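Report on the structure given below.
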Amino acid sequence: MTTSEARKAIQQLSEKINFHNDLYYQKHISEISDLEFDQLLESLIKLEEQFPQLKLPDSPTQRVGGTIAKEFSSVTHRYPMLSLGNTYSPDELKDFDGRVTKGLDGEPYEYFCELKFDGVSISITYENGLLVRGVTRGDGVKGDDVTANVKTIKSLPLRIKSKNIPKEFEVRGEIFLPKNVFKQLNKDREDIGEETYANARNTASGTVKMQDSSEVAKRKLDCFLYYLLGDIPGTKAHSESISKLEAWGFQVSPTYQKCKSITEVLEYIHWWENRRTDLPLETDGVVIKVDSLDQQERLGYTAKSPRWAIAYKYKSESLSTKLNGITYQVGRTGAITPVAELEPILLAGTTVKRASLHNANEIARLDLRIGDSVFVEKGGEIIPKVTSVDLTKRNNQSKSIQYITRCPECGTALVRVEGEANHYCPNDKGCPTQIKGRIEHFIQRKAMNIDSLGEKTIAQLYDLRLVKSPADLYDLKKEDLLKLEGFKDLSIKNLLKGIDSSKTTSFESVLFAIGIRYVGKTVAEKLARYFKSIDNLAKATNEDLLGVPEVGEIIAQSVVRFFSKSENRKEIERLRKAGLKFFSDEKEPEKVSSILESKSFVISGTFQKYERDQLKDIIIANGGRVLSGVSGKLDYLLAGENMGPSKGEKAEKLGVKVISESDFDKMLNS
């Protein structure tokens, strides 16, 4: 393909992808399947890799991320991001209205009301229609430049296509994790034995500051815009600014309303108090602004906040109910979660019968007793939680709850690892709930994707003693499946076909599927690409594993522990014989020179010019080898910032030469 042909193809693909992206996120219409969309994006990525000079500044490939930030630069806000005054009281809101009336000398005015979203404030600058900068609120004067992460938000325009837009303008909004995304994220963490996130707001905040924008893209952040700043001709009111944002293709929550009086404002607040729980994101109040921009200017600012706006905060609904008992759930990894069984109450629009108590520490902190009158809230409007006990109603004869010492499913004595809050059932090969949970994890969409299997079918297979580990799935025959309730020829055929088709699943997904504790989808991908095969991974030491990006001490120890068990190695051999992939299909980079021929390298730390995967490809492309651990046979330790001290110490002890990033460049150019 010529450069001219590539330029035309990149332009056409970009326009097509942007069209379908806008259609989906602005009009909620999908004309093509996810697979077709992904194929278009993959074609564009390959073309941009082949012709990097032709990559457009608003290329839709920026949505998938890939930029690694060593640190975020500090940016001074052109317009300070002031905080709002808060109130929980209708009377204080009326006092605010009185101050507005006085400040405007009795002149008529209107309010603009919008829901206050519980997310992360962001300021985004556009120049000549292009998104050029995204900055966090920070201290209100300076914030962090998180542009690469902001660009992964698919509902946010990378280029404004409308005519007559200012040469430069700024929009502000709230980045958030939708409730369904947050719920799935916690389910995924629970599935690999990690503590779940407490609330969506803090999780969104942490995501915005992640160093790898490709990981940010996977979190599926979203954004509502609510403020337009700059020299905007013909705009005299905040409501007109909102109309412009909508016309320019920005996502604005349709929950706003203009109000002619403080009475209408209070009606708006009351109307949304319960209905807000039906929205796809968390809200914690209402923002009330004087609509006229001229009147805003006349009312002015205090040192910390505008005099023309205020936030009304909804009180977290907290109700008292009886604690009838505590049940204990066993997760796939053996983690025990205590659950409060409550006298049913209507809370924030839904009936609550159960609430998580997290772990033994939380039960002890609350000093819970059966029969207690407990206060329950919905944490982050999603997860019910017990917050305290009404001691005035406590029965003096009641006794503190003693946490269970044995697994409620199999009776095995529970263990508690030092430094961890949860108790665990160690009987991972004999506890029915863990066994079924492990199989459910194995067949899920992100793992082996055997969609013809489900929780009920797995339970039947287990009860009939047909399947007690994932490897048993590949031994199933038609006569076995005839024993299942409701299974006929077609359903049996589909199930066997689904199991057989899973053999083509990539090594990355297989590694995630086998269920090593703390190894989620992302970590599994990095381990597979780093070690290339299950055999290399099985031989890896703790130190080898710590050389893999995003692998810390806990994950490394878990991987070593997994492969040290003979039953796990036997299971992998059974899966290998069944035909599953235990090697990476990733192709080696095309060889460009022999300048590093017979030289071996270990890469450790972070680098200014390169990403670690880039360094690996460059070494291989120039004839060198990349090893996972330091040994006496190693030629060079390529050391970046924040390199683990143990590698440096071992290299020095063994006489291995330690080189810097600039040393490496000199080797290549010598």
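The label point for S4 and the one for D278, both projected 7 Å from the Cα toward the Cβ, are 5.9 nm apart. In whole percents, the pair-distance distribution calculated for segment 319-393 from its alpha-carbon pairs, binned every 5 Å from zero, is 3, 17, 29, 25, 17, 7, 2, 0.
For the chain, the Cys residues with no second cysteine's beta carbon closer than 4.7 Å are C113, C223, C259. Pairs of Cα atoms in segment 75-313 fall into 10 Å distance bins, from 0 up to the last occupied one, in shares of 7, 30, 35, 21, 6, 1, 0 percent. Across segment 452-459, rounded Karplus estimates of 3J(HN,Hα) from the backbone phi angles (6.51 cos²θ - 1.76 cosθ + 1.60, θ = phi - 60°) give 7, 9, x, 4, 5, 5, 4, 4 Hz, Gly and Pro being marked x. Measuring between alpha carbons in the structure, the pairs from K565/K647; K142/K163; K633/K657; K154/K179; K218/K503; K154/K218 lying more than 22 angstrom apart are K565/K647; K142/K163; K218/K503. Once both labels are positioned 7 Å from their Cα atoms along Cα-to-Cβ, the gap between S43 and K94 label points is 6.5 nm. Taken over segment 143-252, the ratio of Cα radius of gyration to 2.2 N^0.38 Å equals 1.26. When each of D278, D428, D535, D58 is scored by the number of other beta-carbon atoms lying within 10 Å, the sequence from fewest to most is D278, D535, D58, D428. Put in line by how crowded their Cβ is, counting other Cβ atoms within 10 Å and starting with the fewest, V389, V519, V630 read V389, V519, V630.
Filter the trypsin sites (Lys or Arg not before Pro) in segment 330-413 down to the DSSP loop ones having no more than 12 other Cβ atoms within 10 Å, then list what survives. Provide the component values of the computation, followed by the final result.
Values: sites: R332, K353, R354, R365, R369, K378, K385, K393, R394, K399, R406; in loops: R332, R369, R394, K399.
Of the trypsin sites (Lys or Arg not before Pro), the ones in loops of segment 330-413 whose Cβ has at most 12 other Cβ atoms within 10 Å are K399.
The Stokes-Einstein estimate for segment 241-365, based on a Kirkwood radius over Cα pairs and taken at 4 °C with 1.567 mPa s viscosity, is a diffusion coefficient of 69 µm²/s.
Since only I555, L47, G579 are under comparison, the one whose Cα sits farthest along the positive direction of the charge dipole of the chain, derived from C-beta charges on Lys, Arg, Asp and Glu, is G579.
Which value results when the Cα radius of gyration for the chain is divided by 2.2 N^0.38 Å?
With N residues counted in the chain, Rg over 2.2 N^0.38 Å equals 1.11.
Loop-resident GluC sites (Glu not before Pro) (DSSP state other than H, G, I, E or B) in segment 589-670 with no more than 12 further Cβ atoms inside 10 Å of their Cβ: E590, E597. Per q in 0.10 Å⁻¹, report the Debye log10 I(q)/I(0) for segment 366-522, using one uniform scatterer on each alpha carbon and no solvent. Computed log10 I(q)/I(0) values: -0.57. Cα centroid distance between segment 552-618 and segment 382-451, in Å? So the two Cα centres are separated by 34 Å.
The charge dipole of the chain, taken about its Cα centre with unit charges on the Cβ atoms of Lys, Arg (+1), Asp and Glu (-1) only, comes to about 1300 debye. For the chain, adding -39500 (n - 2.57) for each run of n ≥ 4 DSSP H residues and dividing by the number of residues yields -11000 deg cm²/dmol at 222 nm.
Taken over segment 600-669, the percentage of Cα pairs per 10 Å bin, counting from 0 up to the bin with the maximum distance, is 21, 60, 19. For segment 507-578, relative contact order (Cα pairs under 8 Å, six or more residues apart, normalised by length) works out to 27 percent. A straight line joining the Cα centroids of segment 58-119 and segment 296-331 runs 16 Å. Here the mean projected area of the convex hull built on the C-alpha positions of segment 480-597 is 10.3 nm². Counting every other Cβ atom within 10 Å of each residue's Cβ, L490, L177, L130, L323 order from fewest to most as L490, L130, L323, L177.
Computed from the coordinates by the stated procedures, all read-outs in this text should not be read as laboratory data. Here the structure is a predicted model, which means the values were calculated and not measured. Reconstructed Cβ throughout: ideal geometry from the backbone, glycine too, with neighbour counts over all protein chains shown.
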